[in-house]
1. Among the residues that make up the stretch 134-150, is at least one of them at pLDDT below 95, part of a loop (DSSP other than H, G, I, E, B) and in contact with a helix residue (DSSP H, G or I) (Cβ under 9 Å, 6 or more places away or on another chain)?
2. Can you tell me which residue within the stretch 211-249, out of those that are outside any helix (DSSP H, G or I) and in contact with a strand residue (DSSP E or B) (Cβ under 7 Å, 6 or more places away or on another chain), is nearest to residue 259 (Cα to Cα)?
3. Restricting the search to the stretch 178-194, which residues are in contact (Cβ under 8 Å) with a residue 60 or more places away in the chain and either under 17 Å from residue 251 (Cβ atoms) or under 26 Å from the mean Cα position of the chain (by Cα) (or both)?
4. Picking from 57, 7, 52, which residue would you name as being modelled with pLDDT under 95 and on the phi < 0 side of the Ramachandran plot?
5. Test of understanding: among 140, 178, which residue is over 29 Å from residue 247 (Cα atoms) and in the same structural domain as residue 196 (by TED's automatic domain parsing)?
6. What single numbered condition from (1) without any contact (Cβ under 8 Å) to a residue 12 or more places away in the chain; (2) assigned to a helix (DSSP H, G or I); (3) closer than 30 Å to residue 385 by Cβ fails to hold for residue 115?
7. State which residue is nearest to residue 564 (Cα to Cα) when the search covers only the stretch 515-529 and only residues that are buried (at least 22 other Cβ atoms within 10 Å of the Cβ) and out of contact with any strand residue (DSSP E or B) (no Cβ under 6 Å at 6 or more places or on another chain).
8. Which residues, taken from the stretch 338-350, are farther than 17 Å from residue 370 by Cα and not in a loop (DSSP other than H, G, I, E, B)?
């Protein structure tokens, strides 16, 4: 078992940092809270200014200690220090003095030995993300499978027509990228009430540019919307409908490659003297070209080319207005090839060209932390730090998948302590700002469905509860709210079951509406700090805290022993218990803890 309630705590959130968007050089107040039982006698804050560590002595903040911030001040001592955001990313940690010796407190946790700077907390003074991103709930739509307007359009030769409700999706092999169900952008407009009722306020569309596939990642142009989706006018109608309700719209851009039918590439491949030749990687001896994973329909862009550096940003700028930002496809590979590594330059260029109001979220399927906290991507699709640990903890015991998000051997089964270790490790290597602006994903158009992974509604809803209550931006793949299934990304792209009642799990749909409604209503779930309180094989407990309130969240994957609640509590979600965390499971439960409750240390190890 793991119990963290008796440890000193700081997490980089607004409860512990006076300014999450500091300007360069500006002063910032930081706090660390220490249980009286920890017997902390002194605190220094170590910052690294211009590459050199410096130490600032902290003092007890009598006001916070006596005013019982979040209801637990009687048991906690708050220490305060003033530091400065000297560098674009200023790292800091706490040196704690106790009668038993010294300990470091970093984002990686408490350590009684010296640790590297990799897990230090971070102040980031780069241009902050657009303010609206902090409260967003994102809904992902694969346009061919979400909704149809009924418009009749001639089909291209590559398309394999499929019946929306009668033809199952081909999961692999011939025809997967050609199967065509006929969803379009006006079809999305027809079902926006469903998106709004779910609590989402941001729609993310996978690519909408002309292509020779249903997924459209092989763009044949970046200057128009595919006529099969209704063209530029349909995108304008969708954007107007969303913006009219105060919602946002994100596009999907392939900065790593284009399609082999794109005019840039057709010019380059047909004439060795064409200016566009430099935009791609051609072998000077064979004339062959580099492509994404060797897929020749996806020629790789060379970001050492000034033409690429002018034309791709122009594409992003052209669509801003209807779009409020972009998800960047395979951002981890963009600008990287052999000895070339232009990724950070590219990210900074795109952010600068898009402007301060546009969101940029990077696709990254493993460790994205080295690409964050710069002046580029605002966050990542957090597969490594959220999706993977949640899957390992809540997977169906009988699950049989060939790989685990690309890792051979299927999805391993891991205890809650191991899943938590992964979550904390990834979070410790990025700033709080990057964490909360990253997408927390249970599944996507590139993965199996969460219902297939968990194998049951009960575990699915525990996963949903974690998505709705942990720091980060929830992103829902359309259809998961109905409990749709799928064994891989292709299979998961099932047409929405608007006219298939048998495929609509209304209990799951209700839970999505309730939990995202709760997130939208509770500031602590959107902007509060995070304290992990208890973990064992089958049970995770944590608190989300602001100065005004504390919400306690219990997530169980299986039945276990009840635990006492730490003082007076009001049920918020899925419970009527006011004295104990019940032992029944799988279940997700939430309480509001009363101010001036006893210490959270009442939770047993």
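1. yes
2. 214
3. Selection gives 183, 191.
4. 7
5. Every option except 178 fails the conditions.
6. Failed condition: (2).
7. 515
8. Hits for the stretch 338-350 are 349, 350.
The values are calculated or read from the model by the stated rules, or taken from the named source; none is laboratory data. These numbers were taken from a predicted model, which means no experiment stands behind them. We place every Cβ from the backbone using ideal geometry, glycine too, and count neighbours over all the protein chains shown.
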